[in-house]
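All remarks here apply to the structure that follows.
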Protein chains: 6
Amino acid sequence: MSRIDGRTPEQLRPVTIERGWSKHAEGSVLVSFGDTRVLCTASVTEGVPRWRKGSGEGWVTAEYAMLPRSTNTRGDRESVKGRIGGRTHEISRLIGRSLRAVIDYKALGENTIVLDCDVLQADGGTRTAAITGAYVALADAVEWAQQKKLIKAKAQPLTGAVSAVSVGIVDGVPLLDLCYEEDVRAETDMNVVCTGDGRFVEVQGTAEGVPFDRTELNALLDLAVTGAAQLDGIQRAALAVERG
Amino acid sequence: MSRIDGRTPEQLRPVTIERGWSKHAEGSVLVSFGDTRVLCTASVTEGVPRWRKGSGEGWVTAEYAMLPRSTNTRGDRESVKGRIGGRTHEISRLIGRSLRAVIDYKALGENTIVLDCDVLQADGGTRTAAITGAYVALADAVEWAQQKKLIKAKAQPLTGAVSAVSVGIVDGVPLLDLCYEEDVRAETDMNVVCTGDGRFVEVQGTAEGVPFDRTELNALLDLAVTGAAQLDGIQRAALAVERG
Amino acid sequence: MSRIDGRTPEQLRPVTIERGWSKHAEGSVLVSFGDTRVLCTASVTEGVPRWRKGSGEGWVTAEYAMLPRSTNTRGDRESVKGRIGGRTHEISRLIGRSLRAVIDYKALGENTIVLDCDVLQADGGTRTAAITGAYVALADAVEWAQQKKLIKAKAQPLTGAVSAVSVGIVDGVPLLDLCYEEDVRAETDMNVVCTGDGRFVEVQGTAEGVPFDRTELNALLDLAVTGAAQLDGIQRAALAVERG
Amino acid sequence: MSRIDGRTPEQLRPVTIERGWSKHAEGSVLVSFGDTRVLCTASVTEGVPRWRKGSGEGWVTAEYAMLPRSTNTRGDRESVKGRIGGRTHEISRLIGRSLRAVIDYKALGENTIVLDCDVLQADGGTRTAAITGAYVALADAVEWAQQKKLIKAKAQPLTGAVSAVSVGIVDGVPLLDLCYEEDVRAETDMNVVCTGDGRFVEVQGTAEGVPFDRTELNALLDLAVTGAAQLDGIQRAALAVERG
Amino acid sequence: MSRIDGRTPEQLRPVTIERGWSKHAEGSVLVSFGDTRVLCTASVTEGVPRWRKGSGEGWVTAEYAMLPRSTNTRGDRESVKGRIGGRTHEISRLIGRSLRAVIDYKALGENTIVLDCDVLQADGGTRTAAITGAYVALADAVEWAQQKKLIKAKAQPLTGAVSAVSVGIVDGVPLLDLCYEEDVRAETDMNVVCTGDGRFVEVQGTAEGVPFDRTELNALLDLAVTGAAQLDGIQRAALAVERG
Amino acid sequence: MSRIDGRTPEQLRPVTIERGWSKHAEGSVLVSFGDTRVLCTASVTEGVPRWRKGSGEGWVTAEYAMLPRSTNTRGDRESVKGRIGGRTHEISRLIGRSLRAVIDYKALGENTIVLDCDVLQADGGTRTAAITGAYVALADAVEWAQQKKLIKAKAQPLTGAVSAVSVGIVDGVPLLDLCYEEDVRAETDMNVVCTGDGRFVEVQGTAEGVPFDRTELNALLDLAVTGAAQLDGIQRAALAVERG
């Protein structure tokens, strides 16, 4: 039994990572997970927020947003509403935490890197695509900072790679990398953030309909780990290419 | 080796649930997990938000907040800042989702129940205390609505119980129900929301320091399940008493 | 002819002052005027707002708020609305002015004390309960600051005590300390803030229905002064006890 | 001993009331209390706020604001700050309550009158000038509504006149109608709103420095009543003239 | 064929400029273009915004706003709405740019002048009246700063004069200085800001109905230039008088 | 003498219009003017804003925004700041007016089309690129609405085409379509919006440094008209292709 887009349950959507998408940002990636497209830019600035000054340590943070018509029906702009919604806040925080998990603040020195993840087109999995793409933009930004000598020689601020994937149970079947239609129908939905060596950074599982048991949880975690391994390979391949 | 407050790793803090704390609310609970104290009130109103009108289904939502001096240093009021912070948004949403997991919207009918969880004193685990207490307030509010005939005879909007507990790894040891000092030191921090019959509603694990592996994740889940079972018993005991 | 709760016209509701309610705050009081319950915390910080720096003088300010379900019907949170209402502003300013009336800024030195008065349950007279309780929390905070040597030896920042009580005319009869139902029915409503020695700090009288004349005004002031004297005694008794 | 501007203690500043200042508003007055100048406009609209619909009763409300350079140093615009300050809220509410004290809602019918009081130049007493001027604008607006048949024939929405004046104790001497310099130096400051027949609508006394006693309070009230009587005469004279 | 108010197509409305309107501001003008009345105040402060510090250069900026009942129907206050509307922003920026066009920042030195333009009564052309009046207030403020020695001896911050006028095509006829009724009916509407020597600072033409061609554009520009020349004369005459 | 990017003064940058960029929107275009890239989406909804209901007429509006790192240095998000800046407001309004100039509201019927113009990369001329691209997205959305029968058979809501281009004087030379570096250096900067038949919809000229005279103005207008004619051709060519 195949999925709506013909995939097998344990198959990712086509994932592409286009580096150097923006001429201004120190790192920039247009990442696609199927029809989900997120523009991730990394901005490096010298100095850190006030509460961190003098610590000798850097900071990495992230902001996530959706363009108003990235979705099937147009959403009001948060700038027009004058406030950021809960979901936006939650995802921005998740992306920031995920990237900080592979950052050595000392090695980064008192520099700040902001990752902006703007969803140009949404079809499920925008937060996982954002994390996966933002890591690559971050890696490029770190390299830029090294070349500009903002970071001490031999210091290596990145302690590993990080990527994310969604998994869920639809009609009783655990599926990898849900598209929007699957996401809507999922009984359980989980986002898993893994390091390149297969350990967990974040595990967020939610019962959308009925609560889930330990067996289901284990099946989802197994699936997520295989997805993360594939994403790690795709990130490595993207970063192996000379930057455009 | 014992914990800072003398507990064993798998021991909850003293948990108390004081029902009928407020004379105005349809359900109200002052819940304590050790020094963490949260006032949970349930407000029932006839009718539902616009997007749900005419569906015949009810709605349950939650708002979480901290009093400015519930913490060790005073925090600015979000009303004064004019905006709600990301953490507040995130926890409000988590509480709402957790309670909705045990609600049968049809049985509730077109009524809305709002759970307000206000932290009077914080010492770690405010969100898990909030969920655990809010469930009891919700149960009282549902009973009130049944007595007021807002809910159809024989309709049972509650499909089960729900409680939450934190677990984390501190100095390599998995601990149940972290107090603030443990929470700060935890390498991995996880909040687990369970139904009364031991299934999962939410699993949110975060690597604060180093990423965690599957073995650690399993140990934490095991611990959480035992804590949830105890909390379920405490909730049952509280609800068994005639309401004040 | 007795009142709705059996009191005589010149009788206060039962007033309780529970010190040391919070483990974090430098001063904290749960004050009750009948069913009205307000949590007052005093937070001491070194330093003063920018406009006062270098003056050698301290500052005392207050913030008042109501929990959403402290009232009979739930009110929207001001943090969610993104703005503070006029009533909240007005009462916060009143509390701040009232407490500053008994503060010697020079003796306080460049320290700031913020009084947070959060209404947990409202039944009329929340602002007068808040002022009466906040004074006790302030006294505890001042003592704490003295012990911590934030305040110079022998300096006495408190120049007196302060308390507040409402009075009003209901069905032509002047009443002391109105509960909610009386407050709603009052033709004239007055809040009076007095020092411990019976002088006035604030007098705010409002004709809710018909304007009032000088005779009525005098009767209300007489009543308020007797109430304030009783509250002063209750505050003294509370402060006479060794702090918990 | 005379005052800074040569007045005797019980003397008002020159008060002028210029009706019909604006060509658009249903009532408009430029009122001056010495150098304090406030533009008061009354806007009549059919219908009432939602919470009052179907009651057959009208509504009167007020908004007060200061132009940024109405004061000696420029203040930031509240529109630019994105929020209304406590003082503005407090005065707007005071003006609204004062005017509503002389309104018969039934006679007004389901019409709303909004009084905008914008301070063009401030020199103390802006709220008392605003109330005094707004009453005249309100009277003109009511007459306009009568002519337009928005109000039933013979219905008389105004039940009396209302004016306001400040009093205060400066260097131990009770003074009427404080200018800015006196206001700053006052030990006690009181705003009194009276009806045309000399009864009280609002009495707001504040000890700026030392608390005040009953004798001082009585002296201030006596002074305020004489001032209000004079203002009532000035309002009558202004309204006796055919509207421009 | 004459216009609604009897003017010829190339005739301005009566323009008056009343200097020294406010006792507090360093420059203040009540300007009228017919029934349009705008209060323009200029506030001088030492120092410049952060981004300009240490440059040795000054700054001039402007804020425009309308009183709620300056128009035929009352508009909500932007302070109450909590946000500034697009039109307000646009006009504030236009006024600021127009005045900066005749400012020599170096000669001004590190001083800031803020022009507040508050529309007391609107009848079309509020932005052009504001610019024309604000220039005169600015000239007075500059002179004040020279007398106070805030500006170096012999430094002349003003490099010329600036005024503004609207032009538009109504029923196919180009008209100068549109009143509100003409503005509403105009097919094309243009605001032109000119220096005293007849050059352009801003040209903003908008097709309200059908697009306009080059011939129409030229006719409007011709008309605007003649209007600007007259306004320059009126400004000179106003400034020639000794300040009140 | 050639320009920074080798163009002649009267030469446009390479302009590309990629239709059907988004799978969700009824019309979507990625437009490039050199390195300036703007994503324009058109969202069609049945119904109109409240103030237009029952008129039988439609509405077209626009919102412009820049991604935080579309520029050389990262700008704070307006959603995070909680307010929309003046420049954003101004450009959104300009785009809306420009598109409405070629819309027949009656033919559109009671439908609303919102154009979102999000700048992905900025290099000068973002507003002109936005208008030029948004017209094409609008044309596609209108066609979609015709196919969906939201618009009456034979009704033609588009009365013409519209495009926009910037012109400016740099070092005394009038240049067409300024890139960012030229824009910064321009003495005069003008944005011109033209219909496909060469008439003007908007003309906005600003003296950035010294005021400009009529001769310069004429030279800029001449240049703009030739640029608009070329853009009209590019739009026609893009729309001639079958939609992807």
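Read-outs throughout are calculated quantities, based only on the coordinates presented, and are distinct from any laboratory measurement. Just so it is clear, the structure is predicted and the values come from calculations on it, not from any experiment. Counting neighbours? That spans all protein chains shown, and the Cβs are built from the backbone with ideal geometry, glycine included.
Observations on the model:
- Out-of-range pairs (alpha-carbon distance over 29 Å; input B:LYS23/E:LYS81; B:LYS53/B:LYS152; E:LYS152/F:LYS81; C:LYS81/D:LYS152; B:LYS81/C:LYS152; A:LYS81/A:LYS106): B:LYS23/E:LYS81; E:LYS152/F:LYS81; C:LYS81/D:LYS152; B:LYS81/C:LYS152; A:LYS81/A:LYS106
- Between C:LYS152 and B:THR8, the simple label model (points 7 Å from Cα in the Cβ direction) yields a spacing of 5.8 nm.
- Taking every DSSP helix (H) stretch of at least 4 residues in chain D, weighting each as -39,500 (n - 2.57) and dividing the sum by the residue count yields a mean residue ellipticity at 222 nm of -10000 deg cm²/dmol.
- At q = 0.11, 0.15, 0.16, 0.23 Å⁻¹, base-10 log of I(q)/I(0) for the range B:11-103 (Debye sum, equal scatterers on each alpha carbon): -0.44, -0.80, -0.90, -1.38
- Each peptide among B:94-104, F:180-190, C:115-125 gets the average number of other Cβ atoms lying within 10 Å of its residues, and from highest to lowest they stand as C:115-125, B:94-104, F:180-190.
- Computed 3J(HN,Hα) for the range C:29-43, one whole-Hz value per residue from the Karplus formula 6.51 cos²θ - 1.76 cosθ + 1.60 where θ = phi - 60°, is 9, 9, 9, 10, 10, x, 7, 7, 10, 10, 8, 10, 10, 10, 10, glycine and proline marked x.
- Shape analysis of the range C:40-158 based on the Cα gyration tensor places the equivalent ellipsoid semi-axes at 29, 15, 11 Å, largest first.
- As a length-normalised measure over Cα pairs under 8 Å and 6 or more apart, the relative contact order of chain B settles at 21 percent.
- 17 Å tail of the calculated P(r), the range F:177-244, as % of Cα pairs: 50 percent
- Long-range tail of P(r) for the range B:115-244 (Cα pairs > 27 Å, %): 26 percent
- Each principal axis of the range F:55-117 carries a Cα extent, and these read 44, 20, 16 Å when sorted largest first.
- Distance from the Cα centroid of the range B:69-121 to that of the range E:194-208 is 55 Å (rounded to whole angstrom).
- Isotropically averaged projected area of the protein assembly as shown, using the convex hull of Cα atoms (one quarter of hull area), nm²: 58.7 nm²
- Of every Cα-Cα pair in the range E:149-216, the percent that sits beyond 16 Å: 56 percent
- log₁₀ of I(q)/I(0) at q = 0.07, 0.13, 0.14, 0.15 Å⁻¹ - chain D, Debye sum with one point per alpha carbon: -0.23, -0.78, -0.90, -1.02
- Against chain F, whose longest principal axis comes from its Cα atoms, helix F:126-147 is set at around 20 degrees.
- Annotation: amide H of D:MET66 within the under-5 Å range of D:VAL119, sequence separation 5 or more or interchain, hydrogens built in the peptide plane.
- Near the amide H of C:ILE103, within less than 5 Å, lie the amide hydrogens of C:THR159, all on another chain or at least 5 residues away, with H placed in the peptide plane.
- Between the helical axis of E:86-100 and the longest alpha-carbon principal axis of chain E there is an angle of about 60 degrees.
- Taking amide H as placed 1.01 Å from N in the peptide plane, the amide H of F:ARG13 sits under 5 Å from none that are at least 5 places away or on another chain.
- Each label was represented as a point 7 Å from its Cα along the Cα-to-Cβ direction; for D:VAL184 and C:GLU187 these points are 4.4 nm apart.
- Most mobile listed residue (F:SER92, F:SER163, F:SER55) in chain F, GNM with C-alpha springs under 10 Å: F:SER55
- Of all DSSP-defined beta bridges confined to chain B, some 85% are antiparallel rather than parallel.
- Rounded to the nearest whole Hz, the Karplus-based 3J(HN,Hα) values (6.51 cos²θ - 1.76 cosθ + 1.60, θ = phi - 60°) of the range E:226-235 follow the sequence 5, x, 4, 5, 5, 5, 4, x, 5, 5, with x at glycine and proline.
- Rounded to whole Hz, the Karplus (6.51, -1.76, 1.60) HN-Hα couplings of the range D:184-194, x for glycine and proline: 5, 8, 5, 6, 9, 9, 9, 10, 10, 10, 10
- Modelled spin labels at E:GLU18 and C:ALA240, positioned 7 Å past Cα toward Cβ, are 6.7 nm from each other.
- Residue order, fewest to most beta carbons within 10 Å, for F:THR73, B:THR126, C:THR226: F:THR73, C:THR226, B:THR126
- Within straight-line cross-link reach of D:LYS154, aspartates and glutamates at Cα separation under 12 Å, skipping those fewer than 8 residues along the same chain: D:GLU143
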